[in-house]
1. If we keep just the residues of segment 5-26 that are assigned to a loop (DSSP other than H, G, I, E, B) and of a type in the set (Gly, Ala, Ser), which is surrounded by the most Cβ atoms within 10 Å (Cβ to Cβ)?
2. Taking only pairs six or more apart or across chains, which ones have beta-carbon atoms under 8 Å, a first residue in segment 22-41 that is in contact (Cβ under 8 Å) with a residue 40 or more places away in the chain and over 12 Å from Ile12 (Cβ atoms), and a second residue that is assigned to a loop (DSSP other than H, G, I, E, B) and within 16 Å of ligand 2 (Cβ to nearest atom)?
3. Name the single residue that is farthest from Ala15 (Cα to Cα) among those in segment 83-104 being of a type in the set (Val, Ile, Thr) and in contact with a helix residue (DSSP H, G or I) (Cβ under 7 Å, 6 or more places away or on another chain).
4. Answer with yes or no whether Asn88 is out of contact with any strand residue (DSSP E or B) (no Cβ under 7 Å at 6 or more places or on another chain), more than 13 Å from ligand 2 (Cβ to nearest atom), polar (S, T, N, Q) and modelled with pLDDT of 95 or more.
Amino acid sequence: MNDKKTREPMVIALATGKGGSMKTTSAVFMACALVDQSRGEQRVLVADADVQGDAKDWWYLAAEIGDPLPFDVMSAAPADIKHLHGINDRLDDPVDWVLIDSAPYGRALDESVNNADLVVIPSSPSRIDLDQAAGVKSLCEIVASPPRSSCAAPRPTRPLCVMRWRGSTTRTSRASRR
Ligand SMILES: Nc1ncnc2c1ncn2[C@@H]1O[C@H](COP(=O)(O)OP(=O)(O)OP(=O)(O)O)[C@@H](O)[C@H]1O
Ligand SMILES: [Mg+2]
């Protein structure tokens with residue numbers, strides 16, 4: 001029996017309430033980096049939690065142009081997101097990492113934050129993006145604080161905000177760089 005089958009994967013959510021903030025791009029690039037850095041020893045799965053299906057589209061397009069992505073992408077409904085830590089029970093080839101490409105709203109966002117070991121919040125240094133990033137950070141803190149039931153230990157979800165620079169000249173972006 002493959003002992004990876006008995007291990008839970010590390011689940012990382014790319015999540016924020018702001019659309020177009022690079023959740024999908026970050027999920028795909030991080031998945032590529034994890035495979036590359038481990039020289040293919042670590043197996044990665046991207047869970048596409050956005051009904052728009054951009055990560056899935058990316059996977060199909062890469063295959064069509066003859067440069068397939070080195071990992072699978074699964075469509076993940078909110079109910080699937082709740083069970084990602086146990087996904088190896090249902091896979092022939094177990095994975096070490098699951099990256100959730102979250103939707104920017106609704107149950108998909110909530111379940112992504114609730115069920116990840118680490119939440120990566122991509123954000124530009126603009127005021128609107130940062131407000132949404134702060135909202136997701138608060139959600140992580142709410143999830144981490146009270147035990148969800150008396151018999152289950154809470155899974156501490158850790159937030160990490162990652163900024164991207166786009167040469168913006170807004171006052172907030174200049175202040176953030178300083
Ligand atoms: N390094 C980069 N710098 C600037 N823009 C980028 C970079 N990488 C990707 N983009 C662009 O940013 C846009 C948003 O990216 P992406 O689709 O990953 O965001 P998203 O948060 O997943 O959006 P949605 O909420 O619609 O799912 C895309 O048009 C993408 O081409
Ligand atoms: Mg997306």
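The values are calculated or read from the model by the stated rules, or taken from the named source; none is laboratory data. Since we're looking at a predicted model, the values are computed, not measured. No Cβ is skipped: glycine too gets one built from the backbone with ideal geometry, and neighbour counts run over all protein chains shown.
1. Ala15
2. As it stands, the answer is Met22/Arg164; Thr24/Asp50; Val28/Leu69, since those pairs meet every condition given.
3. Val95
4. It is true that Asn88 is out of contact with any strand residue (DSSP E or B) (no Cβ under 7 Å at 6 or more places or on another chain), more than 13 Å from ligand 2 (Cβ to nearest atom), polar (S, T, N, Q) and modelled with pLDDT of 95 or more.
Condition check ((1) more than 16 Å from ligand 2 (Cβ to nearest atom); (2) over 24 Å from Thr6 (Cβ atoms); (3) not aliphatic (A, V, I, L, M)) across all residues:
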site: Leu45; (1), (2), (3): yes, no, no
site: Ile65; (1), (2), (3): yes, yes, no
site: Asp96; (1), (2), (3): yes, no, yes
site: Leu99; (1), (2), (3): no, no, no
site: Pro122; (1), (2), (3): no, yes, yes
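For (1) within 15 Å of ligand 1 (Cβ to nearest atom); (2) loosely packed, with under 14 Cβ neighbours inside 10 Å; (3) assigned to a loop (DSSP other than H, G, I, E, B); (4) at pLDDT below 95, each residue gets a yes or a no:
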{"residue": "Phe29", "(1), (2), (3), (4)": "yes, yes, no, no"}
{"residue": "Asp36", "(1), (2), (3), (4)": "no, yes, no, no"}
{"residue": "Trp59", "(1), (2), (3), (4)": "yes, no, no, no"}
{"residue": "Ala62", "(1), (2), (3), (4)": "yes, no, no, no"}
